[in-house]
Amino acid sequence: DQQVKQNSPSLSVQEGRISILNCDYTNSMFDYFLWYKKYPAEGPTFLISISSIKDKNEDGRFTVFLNKSAKHLSLHIVPSQPGDSAVYFCAASSSTNAGKSTFGDGTTLTVKP
Amino acid sequence: NAGVTQTPKFRILKIGQSMTLQCAQDMNHNYMYWYRQDPGMGLKLIYYSVGAGITDKGEVPNGYNVSRSTTEDFPLRLELAAPSQTSVYFCATRTGFQPQHFGDGTRLSIL
């Protein structure tokens, strides 16, 4: 039973356009959601997060949207840049479980010049 | 400031051998985690620790052991290596309600 799902293994967009990465979860106890970015041969690095008390969080070109009723979140990157090409992991955690995060399988984003 | 340091970066083991993957942090974070990532998959939690002397199992603990004698170090032990343990292993730390900080991983092949 996969509690965090990223249904698109890959996404390709043109430089300057919007990238939208999606994530669905099933566990109602999750109350904190994060996106991590991973380049080859490196560890994941934190990108942006959102608490369940919010429906949107913005940081520069990155915006995360949370729809609790649908148990769905999305990451928008505008405008997309070639340097954004990486694997993006969605992660979810509960404030009651020692900060353990459950990760999706990742979406590989390719931004073409 | 090194952050989270994992050693070795690469290792090839024979079936049945044992080894310890090292993880060291210099951020004084209480929480530490070990994940494995198989090709095309997300990160699966192996073990975690909420502080020195306290460890607990994650989602996929079988075949592994950990210890946490200091805040800084959280080694992961493989006792009898099996091909199914071929993976990339990531160590991460966290403090408070902040996101996790990851090391760059150890790539382990068991042949």
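Suppose we filter the stretch A:32-62 for residues that are exposed (fewer than 15 other Cβ atoms within 10 Å of the Cβ), within 13 Å of chain B (Cβ to nearest Cβ) and within 15 Å of the chain's Cα centre (by Cα); how many remain?
Summing the residues that are exposed (fewer than 15 other Cβ atoms within 10 Å of the Cβ), within 13 Å of chain B (Cβ to nearest Cβ) and within 15 Å of the chain's Cα centre (by Cα) in the stretch A:32-62 gives 4.
Within the stretch B:83-110, track down each residue that is modelled with pLDDT of 95 or more and in a loop (DSSP other than H, G, I, E, B).
B:86, B:103, B:104, B:105
Taking the residues in the stretch A:94-113 that are out of contact with any helix residue (DSSP H, G or I) (no Cβ under 8 Å at 6 or more places or on another chain) and more than 9 Å from chain B (Cβ to nearest Cβ) as candidates, determine which candidate is farthest from residue B:92 (Cα to Cα).
If we take residues in the stretch A:94-113 being out of contact with any helix residue (DSSP H, G or I) (no Cβ under 8 Å at 6 or more places or on another chain) and more than 9 Å from chain B (Cβ to nearest Cβ), then A:110 is farthest from residue B:92 (Cα to Cα).
Considering only the stretch A:59-110, state which residues are β-branched (Val, Ile, Thr) and touching a strand residue (DSSP E or B) at 6+ places or on another chain (Cβ under 6 Å).
A:63, A:64, A:77, A:87, A:102, A:107, A:108, A:110
Of everything in the stretch B:52-103 that's buried (at least 17 other Cβ atoms within 10 Å of the Cβ) and of a type in the set (D, E, K, R), which residue is farthest from the other protein chains (Cβ to nearest Cβ)?
B:72
Looking only at the stretch B:17-27, filter to residues that are outside any strand (DSSP E or B) and touching an Asp or Glu at 6+ places or on another chain (Cβ under 8 Å); which one of those is surrounded by the most Cβ atoms within 10 Å (Cβ to Cβ)?
B:26
Just to be sure before I move on: is residue B:32 part of a loop (DSSP other than H, G, I, E, B) and touching a residue at least 40 places away in the same chain (Cβ under 8 Å) in the structure I sent?
In short, no.
Does any residue of the stretch A:67-85 turn out to be farther than 26 Å from residue B:103 by Cα, of a type in the set (Asp, Glu) and either outside any loop (DSSP other than H, G, I, E, B) or at pLDDT 95 or above (or both)?
no
Out of all the residues in the stretch A:36-54, which are closer than 12 Å to residue B:105 by Cα and among the hydrophobic types (A, V, I, L, M, F, W, C)?
A:41
The values are calculated or read from the model by the stated rules, or taken from the named source; none is laboratory data. Since the model is a prediction, treat every value here as computed from it, not as a measurement. Glycine also receives a Cβ, built like all others from the backbone with ideal geometry; neighbour counts cover every protein chain displayed.
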